[in-house]
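A.B. asks: Have a look at this one before I ask anything.
The values are calculated or read from the model by the stated rules, or taken from the named source; none is laboratory data. It should be emphasised that the depicted structure is a prediction, and the values quoted were computed from it without experimental measurement. Note: ideal-geometry Cβ built from the backbone for every residue, glycine included; neighbour counts use all protein chains shown. Please note that ligands, DNA and RNA were not included when accessible areas were found on the heavy atoms of the full protein model with its side chains. Shrake-Rupley method; radii C 1.70, N 1.55, O 1.52, S 1.80 Å.
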Amino acid sequence: MRKLLLLLTVILVGLLFIARLFYLQVYNKEVYSLYDDNAIRKVYDYPKRGYVYDRNGTLLVANQPSYDVMVIPREVEPLDTLEFCSLLKITKEDFIRIYDKAYHYSPRLESVFVPQLSKKDYAVLQEKMRKFDGFYIQKRSLRDYQTTIGANVLGDIGEVNNRNIDKDSYYRMGDLIGKQGVEISYEKILRGIKGIKFIQKDRFNKNIGPYKDGKFDTLPQPGKDITITIDSELQQYGELLMTNKRGGIVALDPSNGEILALVSAPSYNPNILVGRGRSKNFTKLFRDSIAKPLFDRGLQAQYPPGSPFKVINALIALQEGVVETTDKFTCRMGYYYGRRKLTGCHHHKSPVDMNKGISQSCNAYFVNVYRRIIDNHDDAGEAMNIWAAHAKSFGLGDFLGYDLQVGRPGRIPNGDYYDRAYGDNRWSSTYTVSNAIGQGEVEATPIQLANMAAAIGNRGYFYTPHIIKDIEGDTIPSKYTTPNYTTIDKRHFEPVVQGMFDVYNEGTASTLRIPGIEICGKTGTAENFMKIDGVKTQLTDHSIFVAFAPKDNPKIAIAVFVENGYWGSRFAGRMASLLIEKYINGDISRTDMEDWILTHSLENEYAKPYSGEPFKINRETTLQVVEKIQAPQNSDSNYSISKNPNKLKQ
């Protein structure tokens, strides 16, 4: 009986082994992977990250070697902790904290113990690494910025987080990834492909040599170089002009949508986000809640577009057939509804037609035009929907689809927006007249205004703005080479273009002319509000300017937005003219304007909410009507502050 029981046991165990092998070889759908084999150690060889060049071939971003001390917690043997910490320039408490974190992540997988050693520290440590089992040095590449400009455009790289790892199995703890700008937008192109070596381990977890003589090892594939559309000289000049000012500048090539300059001020030197000081410096930038250097004002700041939006209303009115270019409207230093003054206006001759309305930036003219658009239909909501559709065809009120990761959609209100606010059929054009002059509920980002200028300069179409010009061995997506057409007929653009040309000839920018260049532009002054100690306070107006040049077949379209810049031609207009001349001619002839900009700071204006000094408000253009709904007019500066000194220190 015992012999039979033993035989049955042997047979049963044998059948279990056979069944298991049969399952693994026939039914198991999981493919064996060296990457999951605990007996095989994986050593990664990191590729060279692709270089970044500007449109003229100037190298902007290269690489420099970096050395990380890696740890595999399970393989760590007792060591001289004090000596090791001294070599790494860390404390014993740091050692314990980092080791515990690595062990918690995984006792058998490698993770970064101390990142980004200098060449000097690496040379000293390398000679003694054999004494510290479980630790080894991993060579990587850090960015080496060849410039101090364009931090918001170029971006930076940093260590991956758990979200990155969960989203893409390519990454492992300690890997570097693009965090901002073109680094994140073109991460998969720039990063290349890691090489890998498989090392066989024995039962004591010691390395015994390459697995199968390196048959499955792979070499790293370097990342591709890219050329971006930025003109580094124009970018540098734009950042110089924005010294001691806040705002955004966006310049485009209307013929193809390439972004020539993308300035956000204040900015920072991209080199401070490289190396072991990155975390400290990034935290400092992130916590600056007043200047907000990490906030890309060219893409993310939503402002009231002010008077540049008037040209959109002119085009919509012509398309809808509610006005002729020769129609004239009276201006009595503003627009009156009965005895009620809805808007102010500056002094100019009256009455005005469309050309004078644009060149003299007459508020009364455009309120009349806007009311004709909305009152052209019995249903104000339907009229607003038609108006909104025309405005959105210029890329306003929605994301433009450019190839940078950050942005805001702006806002173009439609009929549903006001129905929710006032109730169905309980409002009319007089409720929304602020839209006539680019105030109230209308908001736009600087890149949207630059794109709007490009569409007008092209007489009705634009290319999706983009930062990529060339990818090594590849082509750029077709969506950046396909034109987008507005809903306005081409024939309606000429009188509007002429009006913008006369802004420089005889209008609000007549003092900003550049010899030899035909510039079409539009000044703008936008109201600016902030809550101070809980009270909504009107600050100094914003300065806005949009333009394109030359008048025919334009080479550049630009939008400049200077926060608290008084009025359009004071700061923004001067900057736009100078940047246009810089790009087209290469030299500056209007050194008087350049000197004025470089010697005038707005830092005092930005301190006024805290100092209690009075603000400069343009009463002639201030909206007099009290809106029932008033959305935040500036996503960047319309926030609450307190004059409490203790709160300011935070």
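A.B. asks: Give the number of residues within the range 524-553 that are open to solvent by 10 Å² or more (accessible area, probe 1.4 Å), at pLDDT 85 or above and within 25 Å of the chain's Cα centre (by Cα).
C.D. replies: 1
A.B. asks: Please specify each residue of the range 177-211 satisfying the condition of being of a type in the set (A, V, I, L, M), in a helix (DSSP H, G or I) and open to solvent by 10 Å² or more (accessible area, probe 1.4 Å).
C.D. replies: Listed by number, the residues that qualify are Ile184, Ile189.
A.B. asks: Residues in the range 589-602: is at least one within 14 Å of Ile519 (Cβ to Cβ) and in a helix (DSSP H, G or I)?
C.D. replies: So far as the range 589-602 goes, yes, one or more of its residues are within 14 Å of Ile519 (Cβ to Cβ) and in a helix (DSSP H, G or I).
A.B. asks: Does Glu233 satisfy the criteria of being open to solvent by 10 Å² or more (accessible area, probe 1.4 Å) and either of a type in the set (Lys, Arg) or within 17 Å of Glu581 (Cβ to Cβ) (or both)?
C.D. replies: Taking the combined requirement at face value, the residue satisfies it.
A.B. asks: I'm checking my understanding of the structure. Among residues of the range 284-334 that are part of a strand (DSSP E or B) and in contact (Cβ under 8 Å) with a residue 60 or more places away in the chain, which one is farthest from Cys345 (Cα to Cα)?
C.D. replies: Tyr303
A.B. asks: Considering only residues of the range 477-512 that are among the small types (Gly, Ala, Ser) and either in contact with a Leu (Cβ under 6 Å, 6 or more places away or on another chain) or in contact (Cβ under 8 Å) with a residue 12 or more places away in the chain (or both), which is farthest from Met354 (Cα to Cα)?
C.D. replies: Among those that are among the small types (Gly, Ala, Ser) and either in contact with a Leu (Cβ under 6 Å, 6 or more places away or on another chain) or in contact (Cβ under 8 Å) with a residue 12 or more places away in the chain (or both), it is Ala509.
A.B. asks: Moving to a separate point now. Mind listing just one residue for me: the one in the range 412-428 that is under 15 Å from Ile386 (Cβ atoms) and assigned to a loop (DSSP other than H, G, I, E, B) and, of those, nearest to the chain's Cα centre (by Cα)?
C.D. replies: Checking each candidate, the answer is Ile412.
A.B. asks: Within the range 499-516, identify whether any single residue is open to solvent by 10 Å² or more (accessible area, probe 1.4 Å), over 25 Å from Leu318 (Cα atoms), outside any loop (DSSP other than H, G, I, E, B) and β-branched (Val, Ile, Thr), and answer yes or no.
C.D. replies: Yes, that holds for at least one residue.
A.B. asks: Starting from the range 451-476, take each residue that is touching a residue at least 60 places away in the same chain (Cβ under 8 Å) and among the basic types (Lys, Arg) and list its partners that are buried (at least 21 other Cβ atoms within 10 Å of the Cβ) and not in a strand (DSSP E or B), counting only C-beta distances under 9 angstrom and pairs at least six apart or across chains.
C.D. replies: Short answer, once both residue conditions are applied: Lys469/Asp54; Lys469/Thr229; Lys469/Ile230.
A.B. asks: Restricting to the range 52-85, name every residue that is without any contact (Cβ under 8 Å) to a residue 60 or more places away in the chain and of a type in the set (A, V, I, L, M).
C.D. replies: Across the range 52-85, the qualifying residues are Val76, Leu79, Leu82.
A.B. asks: Sort out which residues of the range 354-365 are within 16 Å of His492 (Cβ to Cβ) and of a type in the set (A, V, I, L, M, F, W, C), and write them in order of number.
C.D. replies: Selection gives Met354, Ile358.
A.B. asks: Let me ask you something else. Please count how many residues of the range 424-468 are open to solvent by 60 Å² or more (accessible area, probe 1.4 Å), modelled with pLDDT under 95 and at negative phi.
C.D. replies: Final tally of qualifying residues: 3.
A.B. asks: Please determine whether any residue of the range 392-410 is part of a helix (DSSP H, G or I) and in contact (Cβ under 8 Å) with a residue 12 or more places away in the chain.
C.D. replies: yes
A.B. asks: Consider Pro293 against the criteria (1) closer than 19 Å to Tyr606 by Cβ; (2) surrounded by fewer than 24 Cβ atoms within 10 Å (Cβ to Cβ); (3) out of contact with any Pro (no Cβ under 8 Å at 6 or more places or on another chain): it satisfies all of them except one. Which criterion is unmet?
C.D. replies: (3)
A.B. asks: Quick check on this structure: which one of Asp121, Asp100 is more than 36 Å from the chain's Cα centre (by Cα), over 27 Å from Phe295 (Cβ atoms) and open to solvent by less than 50 Å² (accessible area, probe 1.4 Å)?
C.D. replies: It is Asp121.
A.B. asks: Within the range 454-498, how many residues turn out to be among the hydrophobic types (A, V, I, L, M, F, W, C) and either in a loop (DSSP other than H, G, I, E, B) or within 25 Å of Thr326 (Cβ to Cβ) (or both)?
C.D. replies: 8
A.B. asks: Still on this structure: Do you know which of the residues in the range 363-394 that are in contact with a helix residue (DSSP H, G or I) (Cβ under 7 Å, 6 or more places away or on another chain) and under 19 Å from Gly524 (Cβ atoms) is surrounded by the fewest Cβ atoms within 10 Å (Cβ to Cβ)?
C.D. replies: Checked the range 363-394; the qualifying residue surrounded by the fewest Cβ atoms within 10 Å (Cβ to Cβ) is Val369.
A.B. asks: Now, a different point. List the strands (runs of 3 or more DSSP E) inside the range 57-157, counting only whole elements, that have at least 2 residues being β-branched (Val, Ile, Thr) and at pLDDT 85 or above.
C.D. replies: Here the list reads 59-71, 111-117.
A.B. asks: Could you check, for the range 567-584, whether at least one of its residues is in contact with a helix residue (DSSP H, G or I) (Cβ under 7 Å, 6 or more places away or on another chain), open to solvent by 10 Å² or more (accessible area, probe 1.4 Å) and among the aromatic types (Phe, Trp, Tyr)?
C.D. replies: Yes, because at least one residue in the range 567-584 is in contact with a helix residue (DSSP H, G or I) (Cβ under 7 Å, 6 or more places away or on another chain), open to solvent by 10 Å² or more (accessible area, probe 1.4 Å) and among the aromatic types (Phe, Trp, Tyr).
A.B. asks: Looking only at the range 141-176, count how many residues are open to solvent by 10 Å² or more (accessible area, probe 1.4 Å), under 21 Å from Asp296 (Cβ atoms) and β-branched (Val, Ile, Thr).
C.D. replies: 4
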